[in-house]
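The values are calculated or read from the model by the stated rules, or taken from the named source; none is laboratory data. Note that the coordinates shown come from a computational prediction; the quantities given were computed from them, not determined experimentally. Every residue, glycine among them, receives a Cβ derived from its backbone with ideal geometry; neighbour counts consider all protein chains shown. For the accessible areas, the whole protein counts, side chains as well, though only heavy atoms, and no ligand, DNA or RNA atoms are used. Shrake-Rupley method; radii C 1.70, N 1.55, O 1.52, S 1.80 Å.
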Amino acid sequence: MAGLSRGSARALLAALLASTLLALLVSPARGRGGRDHGDWDEASRLPPLPPREDAARVARFVTHVSDWGALATISTLEAVRGRPFADVLSLSDGPPGAGSGVPYFYLSPLQLSVSNLQTNFCKKHGFDPQSPLCVHIMLSGTVTKVNETEMDIAKHSLFIRHPEMKTWPSSHNWFFAKLNITNIWVLDYFGGPKIVTPEEYYNVTVQ
């Protein structure tokens, strides 16, 4: 990380702030933070999956209970320019039980690392992670920096679910960003994905 050049950092930032595809699994993931770092307590607080025929509600549910996602772009890094580039990023759409549907991120131009992930929802129900029954959503759009009026919302949404972020070194020039969603696909059963419009997605009332 220390050896990343300033030019490479700028290229990575440009890649992140381009058109992206965010893939989320149904359950909140657990990484190095373990318990008491902002994860859901699945045993007592994680709500049940909405009816599969209500694709918009399923999409909002998955976004809200996910603490991490796989973000893919077309790379602008010199070594892999024009090729797919993916990373795993922490995210939050708000405090547990009060999600807005907007995926917020805390990003740095130096970010290249990927954490080890585990999920337990699919394992608990006997679903392979690739199975549609595990419930996946894909959100396509553009990642942009949040403006001053949205800064406090993004900060609260992320830090309440990922409190470790408060201690990350300021020298990495972290900034708050969000995904401006343009397309949504819900894969929650066999037979192919369902298409949800952003309007349908944001009109869902989260229970």
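Tabulated data
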{"read-out": "Filter result for Glu164 (of a type outside the set (Lys, Arg), at pLDDT 95 or above, more than 13 Å from the chain's Cα centre (by Cα) and within 23 Å of Ala59 (Cβ to Cβ))", "value": "no"}
{"read-out": "Of all residues making up the range 127-149, the number that are touching a strand residue (DSSP E or B) at 6+ places or on another chain (Cβ under 8 Å) and not in a strand (DSSP E or B)", "value": "5"}
{"read-out": "In the range 79-102, residue most open to solvent (accessible area, probe 1.4 Å) [restricted to those that are in a loop (DSSP other than H, G, I, E, B) and touching a helix residue (DSSP H, G or I) at 6+ places or on another chain (Cβ under 6 Å)]", "value": "Pro95"}
{"read-out": "Selection count, the range 150-174, where residues are open to solvent by 60 Å² or more (accessible area, probe 1.4 Å), of a type outside the set (Lys, Arg), free of Cβ contacts under 8 Å to residues at least 40 places away in the same chain and part of a helix (DSSP H, G or I)", "value": "4"}
{"read-out": "Within the range 175-205, considering residues that are farther than 12 Å from Ala55 by Cα, open to solvent by 50 Å² or more (accessible area, probe 1.4 Å) and of a type in the set (Val, Ile, Thr), the one modelled with the highest pLDDT", "value": "Thr182"}
